[in-house]
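Worksheet: the structure to be examined is printed underneath.
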Amino acid sequence: MDSSHVKSTLYLDVQGPAIARQIPVGPEPVTIGRSSQNVLALADHMASRFHCVVERIEGGVHLRDLNSSNGTLLNGRRVTASPLTPGDVVRIGNTRITLVAQSNGNSGLPGEGFEMAPEPLAPNDLPPNLDSITADDLAEPLSEADMVADDMSVDEVLPIDSPDEDALTPIASGPDPIQVLRTLVDSLPDKPFGERDIAMTNSRGQIVHSAGRDNRAEAGKDSVLIFRLLLLAASRSRATDLHFEPKNGEYLIRMRVDGLMVDVVRISPDMGTRVSALVKVLSDIDLAQRNAIQEGHFSSRVPGSAEGKFRRIDYRVSFAPSVFGQKLVLRVLDTSNAPLHIGSLGLPKWMRQEVETAVKQDAGMLLVCGPTGSGKTTTLYALVRGCDVQRRNVVTIEDPVEIELPQVTQIPVDESQDKTFSNLLRSVLRQDPDVILIGEIRDTETARIAMQAAITGHLVYSTIHTRDTIGTIFRLLDLNVEPYLVAQALQLVLAQRLVRQLCQFCKSPVTPTRQQLQRMGPAAEGVTQLFIPYGCAKCLGTGFAGRRAFFELLRVSDTMRDLIARAPTLGQVQEALAGTPFKSLAHGGFQLTAQGLVSFDEIDKAVGRESQIET
């Protein structure tokens, strides 16, 4: 064939949640968004109703964002308008759109499955002028008709079974929830055991459903298999919570993974009721109560790291009444996801040495500070494990007791019985403790007793809700604790934040902006690229896999003790830290960004704009 007669057809290759199609790029604009009025209607919750448009202008193909709420990414960078060339990848939420040039010298079609352009839309089907789309259009709630894309039912989102690792989300509702869940667990990279290896134990320690059986082969046991698959999905994805939410005509099941909620599967109301009943049996909860607050616990036994060994995963159960029935939440307490010793916390070398020295001391106070959910208690547990519990009497006072620690006496707070932190602390001091862990310092009395214990021969660990290490000093003084007590008791103050790590399978490189490099300060030295989340099957389409902490450590030196005893100002404390190894929390976070482990936005969000980095 004469090459001069071979032409190329430009088309958009669309891959996303419940959609895989190809659309030619012709003279008519290709509008994209959630609304059914678009040429390409997406069932993607990250897309706006009218998100963007691909159109031919002056002989070329151009992409234009329509003031969308979540933005349009072109090759990993957010754009408002840009020309497109073959091979360019446009990202809208969990949908990936690639511009492809296909030679059509033989048949004029890109290949099997090619979809011809739809009939032109009537004038009333689209806004009269694409430029007139406003924020109100983008924010308008979707109707059921808007959600119908490619003749798909509103209640049906098909699981992606493509072997392509870039298939965006296996999390879906399908006709068979068991198959949907199998697709999900098979897509996750961590596979130490399967659903048949899970033995479920009730609150009294009795095995109710043993391992090694295919429960689907038994009549009426689909609920057990579904529940096992959900526990397996939670384990493989490092989920901290499982939510069973009754809706009008279905149960929505979601997981909290790396701090964010992720949809898993939808099941029928009958199956949801059966799974809830199974949890109640495991937790010894009254089955007759269907509109009450109920709590309990159970556990599962799964294979351990060593052959023939097993480990236990605990689950805390909470039922609460809602409009369509009881909502069930399972808190997953899996010690395999938590750092078990100081070395696994991810502390920089000099911080680790300081902490390891502190936990070997006979007296003093070590405080961990940060907001709720920053991993403070997990850090304290790691410190307790590192302080020689076999030779020391270690006692904890917690609200509540999260994880059982071997060879440690753990006491729960119960204010209804006058078992407050301060009252329990007084009692514990009469029990010959070497190390005392106090869940949180909330009031003056607890702070004062804890510090008196720290200067009279006890090693005291606790947490406090402050933003950073320097703020902890002033918070203790604001609690009206005598300055000499603060100065003498404090040994180390550790501030921390918990952020999501980028998925190493799909993270995407971008060129840093001048503002980003300036914000990163010294941590940006030598940095030529940063990474942003992308999304693949291995990370549930989120772009993140796992979490890690970053830290700020303040060691209270003799100079600092003299300063604290005189009730210093903020400027005096900062001046005293000059010339020491002290680095700000933001500096520690942006070092992770420079290493390509965490996105810039994650650190920026965690430390706040008011945080400054020393230059």
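Every number here is computed from the coordinates shown, using simple stated rules; none is lab data. Bear in mind that the values here come from a model prediction, so they are computed numbers and not experimental data. Heads up, the Cβs are rebuilt from the backbone with ideal geometry, glycines too, and the neighbour counts pull from every protein chain shown.
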### Query
Any idea what diffusion coefficient the stretch 432-482 gets from Stokes-Einstein, in µm²/s, Kirkwood Rh on alpha carbon pairs, 4 °C, 1.567 mPa s?
114 µm²/s
### Message
Using the Cα centre of the stretch 282-381 as the reference point, and only Cβ charges (+1 on K/R, -1 on D/E), how large is the resulting charge dipole? Debye, rounded to the nearest 20.
### Response
200 debye
#### Entry: Value in Å of the Kirkwood radius, where the stretch 556-611 supplies the Cα pairs that are averaged
13.2 Å
### Query
Which links in LYS221/LYS327; LYS349/LYS419; LYS191/LYS605 stretch past 28 Å when you go from one Cα to the other?
LYS349/LYS419; LYS191/LYS605
### Task
Compute the relative contact order of the stretch 386-523 as a whole-number percentage, counting only Cα pairs closer than 8 Å that sit 6 or more residues apart in sequence.
18 percent
### Query
If each Cα of the stretch 297-395 is one equal point scatterer, what is log10 of I(q)/I(0) from the Debye formula at q = 0.12, 0.19, 0.20, 0.24 Å⁻¹?
-0.60, -1.08, -1.13, -1.29
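Please give the net charge around LYS360, taking every other residue with its beta carbon less than 14 angstrom from that of LYS360, where Lys and Arg add +1 and Asp and Glu add -1.
-1
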### Message
Full-extension gain between GLU404 and ARG312, please, as 0.36 nm times their residue separation minus the C-alpha to C-alpha distance.
### Response
32.0 nm
### Query
About its Cα centre, what dipole magnitude does the stretch 519-615 give when the only charges are +1 on Lys and Arg Cβ and -1 on Asp and Glu Cβ, stated in debye to the nearest 20?
320 debye
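Can you give the Rg to Rh ratio of the stretch 350-481, both from alpha-carbon atoms, with Rh computed by the Kirkwood formula?
Ratio value, two decimals: 0.93.
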### Message
Please compute the modelled spin-label separation between GLN417 and ASP432, points set 7 Å along Cα→Cβ, answer in nm with one decimal.
### Response
2.5 nm
## Note on the structure
Whole-Hz Karplus couplings 3J(HN,Hα) for the stretch 10-16, θ = phi - 60° and coefficients 6.51, -1.76, 1.60, Gly and Pro as x, run 8, 8, 9, 8, 10, 9, x
### Vicinal HN-Hα couplings computed from phi for the stretch 191-206 (Karplus, 6.51 cos²θ - 1.76 cosθ + 1.60; Hz; Gly/Pro x)
10, x, 7, x, 5, 6, 7, 8, 9, 9, 10, 7, 5, 9, x, 9
### Message
Give me a comma-separated list of calculated 3J(HN,Hα) values for the stretch 504-520, in order, Karplus coefficients 6.51, -1.76, 1.60 applied at θ = phi - 60°, integers in Hz, x for any Gly or Pro.
### Response
6, 8, 9, 4, 10, x, 9, 7, x, 7, 4, 5, 5, 5, 5, 5, 6
#### Entry: Per principal axis, descending, Cα span of the stretch 218-329 in whole Å
46, 30, 29
#### Entry: Inter-centroid distance (Cα atoms) of the stretch 394-473 relative to the stretch 287-304, Å
29 Å
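Peptides 273-284, 517-528: what's the order by average Cβ count within 10 Å, highest mean first?
Working: 273-284: 18.8, 517-528: 15.6.
Put in order of decreasing packing, that is 273-284, 517-528.
Counting only other residues whose beta carbon sits under 13 Å from that of PHE474, what net charge do I get with K and R as +1, D and E as -1?
With Lys, Arg at +1 and Asp, Glu at -1, the net is 0.
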### Query
Along the positive direction of the dipole of the stretch 428-529 (beta-carbon charges: Lys, Arg +1; Asp, Glu -1; about the Cα centre), which of ALA489, VAL460, VAL499 reaches farthest?
VAL499
### Query
What's the Cα-based Rg to Rh of the stretch 220-279, Rh via Kirkwood?
0.96
## Note on the structure
Looks like the stretch 514-615, by Cα gyration tensor root eigenvalues a ≥ b ≥ c and the a/c under 1.5 rounded cutoff (else prolate when a/b is bigger than b/c, oblate otherwise), is prolate
### Task
Show the residues, 5+ positions off or on another chain, whose built amide H is closer than 5 Å to the amide H of GLY535.
GLY543
### Summary
Scoring only Lys, Arg, Asp and Glu (+1, +1, -1, -1) among other residues with Cβ under 14 Å from the Cβ of LEU287 yields +1
